[in-house]
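Trainee: Let me give you the structure first, and then I'll get to my questions.
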Amino acid sequence: MIFEVTILFAGFKSRLFFRCLTKEKEDLIQDAACVDSRQLESVRKESCLKLTKKKKPGTYVIWTEKNSGGARKSTLVPHRDTIQFLYEDTKTIWDVIQRGLRQSGNGPCVGWRDLTPDYSWITYSQFIRKAENFGSGLIKLGLKLGQSSKVGIYAQNSVEWLVAEYGCWSQSAIIVPLYDTMGPDACSFIINQAEIELVVCDEESKVQRLIGKRKETQKLKTIISVKSVSQELKHLAKEANINLHLFSDVEKLGELHPVQTLLPKPSDLSIICYTSGTTGEPKGAMVTHGNVVSAASVMKLVMTMAFLEGCSIGFFRGDFSLLEDDIRVLQPTFFPAVPRLLNKWCEKARTLYGSKLKIDLNGMNFKTKEELFSAHHILEPFKESLGGKVRMIITAAAPLSKNIFEFYTKCLGYEMLEIYGMTELAGAGCASLSSFDFKGNVGSPTPCCIIRLADVPEMNYFSKDSKGE
């Protein structure tokens, strides 16, 4: 089955261009979406589980294990095993980019848009070469091979971000993202705890910030800047005993001094991703290559799943005031976005077209088909402002209200999928089945993970009461 889908990750600053869905993947999705009674009976006999509740096809099923004190399991697929990967030859993130090269026939891999009306692209082979050159350059600068090395990336999502992380993975190194949103002292804490010796930055201000924290981060030895830096900053780096290099120079260094790749295993760490947590200092979630590949296999994890199927990824210009112009050019078909952005666009549509509609956008109560068709016609210019080709929206990070959900499904005709996830799960933990109907929940655990609900007595939450299920 061949089709073309464009994806823009508005909340996550990236865009994917899906080219094909294999027959194997199509069958998997069909299995995940519909489990018939014969399959359920087969699973029941094989696993000695008691089926306590059977939902109609298109939903999930819930099992109660014998002698478990009431512990329950729910599943989207007709077997008990979690999904670890889709393809035998693709078990690490580095395998993913190699499969993308084969699937795409060395097609466009990553793209960016500066001041030009269109995007500039590099192919899969060009991207892999850049990543390998960057990895070789890091080794030439003194980075150790393998899992003992951790590289900080202090930047917005960009082509350079991808080159840096795949460059690290070409030598089995571990990446550690750094964020301003955690507070001024968080970066220093993460650099010290993770023992980071090298950080990649995308802006001069971030380079300056790290140099200013030098006394608190004695492990930090090298900073690589994506953009050029001033002579004054070079002088400050020298005074702080920090080696300062340009990103492009590291690539050139690796091109001149290539190093044999040291490819990771599925059990190797790929990322240590720090989260703010609820109390105390940031906590680092350790995510393996196998974790990321399994999450991508069942939920089309942002960039990894795109590469898995040989798709292309483009980045918006980093300025949210220009986001809608980028969307218009990209013409996304599949659109993951955070609720805050969806709320903003719904309010914009209400302001521009509310007086022309026969219904209140807060209610979405269509009495006739004519009213529904009229809304679709009136909102056609608004759909064109989103590229005109959106079919599905995936939303996560916060709950979506019913009226916002129904604005996109009823008025615009988009299918919706809500996800609940966490850093430790490498993405989605639960997902509703894609739908045009508001569910008010996050659905079943994804087939790549197992979730256990624990009692919280002080909040009067007990798993035996089935609250939250």
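Trainee: Here is a check on your reading of the model: is Thr222 of a type in the set (S, T, N, Q) and surrounded by fewer than 17 Cβ atoms within 10 Å (Cβ to Cβ)?
Mentor: Details: of a type in the set (S, T, N, Q): yes; surrounded by fewer than 17 Cβ atoms within 10 Å (Cβ to Cβ): no.
Answer is no for this residue.
Trainee: State whether the residues of the stretch 202-222 include one that is without any contact (Cβ under 8 Å) to a residue 12 or more places away in the chain and closer than 20 Å to Glu160 by Cα.
Mentor: Checked against the condition, which is being without any contact (Cβ under 8 Å) to a residue 12 or more places away in the chain and closer than 20 Å to Glu160 by Cα, the stretch 202-222 yields at least one hit.
Trainee: Write out, first by first residue and then by second, each pair whose Cβ atoms fall under 6 Å of each other, whose residues are 6+ apart or on separate chains, and whose first residue, in the stretch 369-381, is over 11 Å from Ala349 (Cβ atoms) while the second is among the hydrophobic types (A, V, I, L, M, F, W, C).
Mentor: Leu372/Phe366
Residue-wise test of (1) outside the structural domain of Ile139 (by the TED database); (2) on the phi > 0 side of the Ramachandran plot; (3) not in a helix (DSSP H, G or I).
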{"position": "Asn241", "(1), (2), (3)": "no, yes, yes"}
{"position": "Ser248", "(1), (2), (3)": "no, no, no"}
{"position": "Leu253", "(1), (2), (3)": "no, no, no"}
{"position": "Val259", "(1), (2), (3)": "no, no, yes"}
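Trainee: Of Leu253, Leu244, Leu220, Leu236, which residue is more than 18 Å from Gly142 (Cβ to Cβ) and touching a helix residue (DSSP H, G or I) at 6+ places or on another chain (Cβ under 6 Å)?
Mentor: Leu236
Trainee: Any residue in the stretch 190-211 that is more than 30 Å from the chain's Cα centre (by Cα) and not small (Gly, Ala, Ser)?
Mentor: Looking for residues that are more than 30 Å from the chain's Cα centre (by Cα) and not small (Gly, Ala, Ser), one finds at least one in the stretch 190-211, hence yes.
Residue by residue, here is whether (1) of a type in the set (A, V, I, L, M, F, W, C); (2) modelled with pLDDT of 95 or more; (3) in contact with a strand residue (DSSP E or B) (Cβ under 6 Å, 6 or more places away or on another chain) holds:
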site: Lys219; (1), (2), (3): no, no, no
site: Thr222; (1), (2), (3): no, yes, yes
site: Val229; (1), (2), (3): yes, no, no
site: Glu232; (1), (2), (3): no, no, no
site: Asn243; (1), (2), (3): no, yes, yes
site: Glu251; (1), (2), (3): no, yes, no
site: His257; (1), (2), (3): no, yes, no
site: Tyr274; (1), (2), (3): no, no, yes
site: Gly277; (1), (2), (3): no, no, yes
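Trainee: Residues of the stretch 365-409 being surrounded by fewer than 20 Cβ atoms within 10 Å (Cβ to Cβ) and charged (D, E, K, R), which ones?
Mentor: If the condition is that a residue be surrounded by fewer than 20 Cβ atoms within 10 Å (Cβ to Cβ) and charged (D, E, K, R), then Lys367, Lys369, Glu370, Glu371, Glu380, Lys383, Glu384, Lys389, Arg391, Lys402 are the ones that fit.
Trainee: Could you list all residues from the stretch 164-207 that are surrounded by fewer than 18 Cβ atoms within 10 Å (Cβ to Cβ), closer than 16 Å to Cys273 by Cα and not aliphatic (A, V, I, L, M)?
Mentor: Residues satisfying the conditions are Pro177, Tyr179, Asp180, Thr181, Gly183, Phe189, Asn192, Gln193, Glu195.
The values are calculated or read from the model by the stated rules, or taken from the named source; none is laboratory data. Values in this document were obtained by computation on a predicted structure and should not be read as measured data. For neighbour counting, all protein chains shown are included, and Cβ atoms are generated from backbone atoms with ideal geometry for every residue, glycine included.
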